[in-house]
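Read the structure below first, then the notes.
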Amino acid sequence: MKLASLKDGRDGRLVVVSRDLCRCLDASAVATTLQAALDDWPQVKPRLGELAVRLESSDDGDAFDEQACASPLPRAYQWADGSAYVNHVELVRKARGAEMPKSFWTDPLMYQGGSDSFLGPRDDIPAADEAWGIDFEAEVAVITGDVPMGLSAADAGKYIELIMIVNDVSLRGLIPGELAKGFGFFQSKPSSAFSPVAVTPDELGSAWADNKVHLPLLSALNNGVFGKPDAGVDMTFDFSQLIAHAAKTRPLVAGTIIGSGTVSNKLDGGPGKPVADGGVGYSCIAEVRMIETIESGAPQTAFMKFGDRVRIEMQNANGDSIFGAIEQTVVRYDG
């Protein structure tokens, strides 16, 4: 089942979307918003499933327009982003000459992001200053049901209700100063954008296994292929482990979003290569700059400028888009 939120008020209007992303059915008779559906998921999910079956077996529905979509949850009670691809973390520290603690391989990193104002998947990325170091981060995310406090990772996977992809926008120039305060991200992590569609795990078929998505996550910068790392490879912590980590000391409410962190693959034990050089590329500009620093002593690739465009998408084995595409342009914010 595929679900989307068309732009309508603060929380959007819930629709069920066809597998080919061409048509949709209004779901307001079942639940007006996705959050309302998640609040009563055990009862609502079967009824939404009936709409999905009707959509696939008839000509009912309206044309589905990804441009008209908000993020599936236009705002959420919780957005916690992990850093499950430890290769990415290792490169960050190596580039600045810092040794990575061994605990990073056994204890996930996670931060609590702002969840009150997500961007739509086709909305511009506003920034006031290019010197802030504007970067995209291509990630996978899951939406949970109500998760009890203190559950084990072995039990956490059953609380995954929906899957999305995300552009976790980062302002790299602001991160060092914030982290130096010892209190974490805030200004350096503006509004993120999620895919037009959120899907139930069964929509991924065999690509959903071990609480991971085993498919390439595709990103393009200004129409040039930037990355295609496999989201199921080099993921040190799967989504069940990330959920258990987040719920160690508190329950998570239905509608909580848990992110994977930047998808990152190694290559032959090394830090990876650009697609043009036979590698799978990268899911953020910062990782390219880290590798350039490690190899030549200084970064060469610039962060995003006003007018730059990013596209993030995931396709199935047949080349069909699963979640729709995140397509965004960086624009100057002048207040």
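The values are calculated or read from the model by the stated rules, or taken from the named source; none is laboratory data. Fair warning: this is a prediction, and the values are worked out from it, not measured in the lab. Positions of Cβ are backbone-derived with ideal geometry, glycine not excepted, and every protein chain shown enters the neighbour counts. Remember, those area values only see protein heavy atoms, side chains included, never the ligands or the DNA or RNA. Shrake-Rupley method; radii C 1.70, N 1.55, O 1.52, S 1.80 Å.
Output the Kirkwood hydrodynamic radius of segment 134-277, Cα pairs only, in Å rounded to one decimal.
16.5
Counting only pairs 8 or more residues apart or on different chains, how many lysine pairs in the chain have their Cα atoms under 13 Å apart?
Lysine pairs meeting the criterion: 4.
Suppose we keep just the alpha-carbon trace of segment 286-329; what are its Rg and Dmax in angstrom?
15.1, 41
With an 8 Å Cα cut-off and a minimum separation of 6 or more residues, compute the relative contact order for segment 264-335 in percent.
18
Please list log₁₀ I(q)/I(0) at q = 0.12, 0.16, 0.28, 0.30 Å⁻¹ for segment 142-195, using the Debye equation with identical point scatterers on the alpha-carbon positions.
The Cα Debye sum returns log10 ratios of -0.48, -0.73, -0.95, -1.04.
Which far-off residues, 5 or more places away or on another chain, put their amide H under 5 Å from the one on residue 281, with H placed in the peptide plane?
228, 273, 275
Of the heavy-atom accessible surface of segment 101-152 (probe 1.4 angstrom), what whole percent is carbon and sulfur?
Of all accessible area on segment 101-152, carbon and sulfur atoms account for 53 percent.
Considering the Cα positions of the chain, please state its Rg to one decimal place and its Dmax as a whole number of Å.
Values for the chain (Cα only, Rg and Dmax): 19.2, 60 Å.
Using alpha carbons only, how many angstrom separate the centre of segment 97-118 from the centre of segment 268-333?
20
Bin by bin, in steps of 5 Å, what percent of the Cα pairs in segment 21-85 do you find, going until the bin that has the longest distance?
All Cα pairs considered, the percentages come to 4, 14, 21, 21, 19, 11, 6, 3, 1.
On alpha-carbon atoms, Rg over Rh for segment 160-219 using Kirkwood Rh?
In segment 160-219, Rg relative to Rh is 1.13.
Hey, can you rank 194-205, 123-134, 311-322, 218-229 by average C-beta count inside 10 Å, highest first?
194-205, 218-229, 123-134, 311-322
Over 10 Å intervals from 0, what percent of Cα-Cα pairs in segment 1-130 sits in each interval?
Result, from short to long distances: 11, 30, 26, 19, 12, 2 percent.
In degrees from 0 to 90, rounded to the nearest 10, what is the angle of the helix 285-296 Cα long axis to the longest principal axis of the chain?
Here the helix axis deviates by roughly 20 degrees.
Distances longer than 22 Å among the Cα atoms of segment 57-164: what percent of all pairs is that?
Roughly 54 percent, once rounded to a whole number.
Please work out the average accessible area per residue across the chain, using the 1.4 Å probe convention, and give it in Å².
Here the residues of the chain average 44 Å² of exposed surface.
Can you tell me the 0 to 90 degree angle between the C-alpha axis of helix 86-95 and the longest principal axis of the chain, rounded to 10?
30
Could you tell me the convex hull volume per residue, in Å³, taken over the Cα atoms of segment 238-335?
227
Could you tell me which residue out of 280, 125, 244 lies farthest along the dipole of the chain toward its positive end? Charges go on the beta carbon: Lys and Arg +1, Asp and Glu -1, centred on the Cα centre.
Of the listed residues, the answer is 244.
Run a plain Debye calculation on segment 211-275 (Cα atoms as equal point scatterers, no solvent) and give log10 I(q)/I(0) at q = 0.19, 0.25, 0.29 Å⁻¹, rounded to two decimals, same order as the q list.
Here the Debye-derived log intensity ratios amount to -0.82, -1.09, -1.28.
Highest mean first, what order results for 279-291, 7-19 on Cβ atoms within 10 Å?
Most protected by this proxy first, the peptides run 279-291, 7-19.
For segment 241-294, compute the orientation-averaged projected area of the C-alpha convex hull (one quarter of its surface), in nm².
Orientation-averaged projected area of the Cα hull: 5.7 nm².
Using each residue's phi in segment 69-78, evaluate 6.51 cos²θ - 1.76 cosθ + 1.60 at θ = phi - 60° and report the 3J(HN,Hα) Karplus result to the nearest Hz, with x for Gly and Pro.
For segment 69-78, the Karplus-derived couplings read 8, 7, 4, x, 10, x, 8, 9, 5, 7 Hz, x marking Gly and Pro.
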